[in-house]
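Structure, as structure tokens:
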Amino acid sequence: MQNKIIITIDGYSSCGKSTLAKQLARRLDYVHIDSGAMYRAITLYLLRNDIHLDIEADISKAIENINLSFVKNDFTGTSDMYLNDENVESMIREMLVSERVSDVATHKSVRDFAVAQQRKIGINKGIIMDGRDIGTTVFAHAELKLFMTADVKTRVERRFKEMFAINPMVSLEEVKHNLEMRDYIDSNREISPLRKADDAVVLDNTLLTMDEQLDIALQLAYERIALPMAKN
Ligand code: DC
């Protein structure tokens, strides 16, 4: 039987982490988990329930009422994020959530809650998880760690296309501001800031096609799958 490994993909906002993770999962027959979706779903819950986003004690109490799960969508073939049994996959991508999620993700109780679930999901390996702290904190012993990046202009254009499809009223400036703000908060927070793990492979996809990037990642994955299993 083939070795199952853990693949982590970290990087700045809108580098195409989830796109690559989904393609890799399909090719390797692995499970893909978008850890950002969990932070977004938590943010949606807190906003809906008027929880003060600066008060750690209130957030910590509110989290006790949150149940998160990923459910396979037979139509898209990917997993949708469920918050307390409600499919919130499209709602968590809206600007209101994008504007607050990085602040919410700085809180210790939020990170402890999300990281514990992420580790549980990865227990049997055969998983590709993307986010900001997956290779540094969640699965520090993962067999393959990728750190994705691309220049800001390219990332803003990609994000704008995604956001415009959801809401044609969105402006390029608004998207650029949100992306830069999130990168700043994610990279400078106290707990598990976004950074490249020492043993991560950098994948700058500014000038790569999706096929080229997939080929590079698949090659690395096949090399690691042939290696003996690492402890996690
Ligand atoms: O990947 P994304 O843009 O959907 O993530 C949304 C936010 O969630 C991101 O700005 C920071 C936070 N996040 C995090 O702190 N740690 C992760 N592993 C994933 C996301």
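Computed from the coordinates by the stated procedures, all read-outs in this text should not be read as laboratory data. Keep in mind it's a predicted model, so treat the numbers as computed, not measured. No Cβ is skipped: glycine too gets one built from the backbone with ideal geometry, and neighbour counts run over all protein chains shown.
Which one is farthest from ASP112 (Cα to Cα) among residues in the range 14-38 that are surrounded by fewer than 21 Cβ atoms within 10 Å (Cβ to Cβ) and among the polar types (S, T, N, Q)? In this case the residue turns out to be GLN23. Being farther than 22 Å from SER192 by Cβ and within 16 Å of the ligand (Cβ to nearest atom) is the filter here; which residues of the range 83-115 pass it? Across the range 83-115, the qualifying residues are LEU83, VAL88, GLU89, SER90, MET91, ARG93, GLU94, MET95, LEU96.
Residues in the range 26-45 that are farther than 12 Å from ILE92 by Cβ and either part of a helix (DSSP H, G or I) or hydrophobic (A, V, I, L, M, F, W, C) (or both): ARG26, ARG27, LEU28, VAL31, ILE33, SER35.
Restricting the range 1-15 to residues that are away from the ligand (no atom under 11 Å from the Cβ) and under 17 Å from the mean Cα position of the chain (by Cα), the residue that is nearest to THR209 (Cα to Cα) is ILE7.
Among residues of the range 186-198 being closer than 21 Å to ARG159 by Cα and buried (at least 17 other Cβ atoms within 10 Å of the Cβ), the one that is farthest from the ligand (Cβ to nearest atom) is LEU194. Candidates ASN73, ASN49: the one that is more than 16 Å from the ligand (Cβ to nearest atom) and either touching a strand residue (DSSP E or B) at 6+ places or on another chain (Cβ under 6 Å) or among the basic types (Lys, Arg) (or both) is ASN73.
Taking the range 25-39 as the range and being out of contact with any Ser or Thr (no Cβ under 8 Å at 6 or more places or on another chain) and within 10 Å of the ligand (Cβ to nearest atom) as the test, the residues that pass are SER35, ALA37, MET38, TYR39.
Looking only at the range 1-13, residues that are of a type outside the set (Gly, Ala, Ser) and buried (at least 24 other Cβ atoms within 10 Å of the Cβ) come to 5 in all.
Condition test on LEU172, is it at negative phi, more than 12 Å from the ligand (Cβ to nearest atom) and free of Cβ contacts under 8 Å to residues at least 40 places away in the same chain? Against the criterion (at negative phi, more than 12 Å from the ligand (Cβ to nearest atom) and free of Cβ contacts under 8 Å to residues at least 40 places away in the same chain), LEU172 qualifies. Among the numbered conditions (1) within 14 Å of the ligand (Cβ to nearest atom); (2) assigned to a loop (DSSP other than H, G, I, E, B); (3) among the charged types (D, E, K, R), the only one that LYS22 does not meet is (2).
Of all residue pairs spaced 6 or more apart or on separate chains, those with beta-carbon atoms under 7 Å, a first member in the range 98-122 that is more than 22 Å from SER187 (Cβ to Cβ) and a second member that is aromatic (Phe, Trp, Tyr) are GLY122/PHE139.
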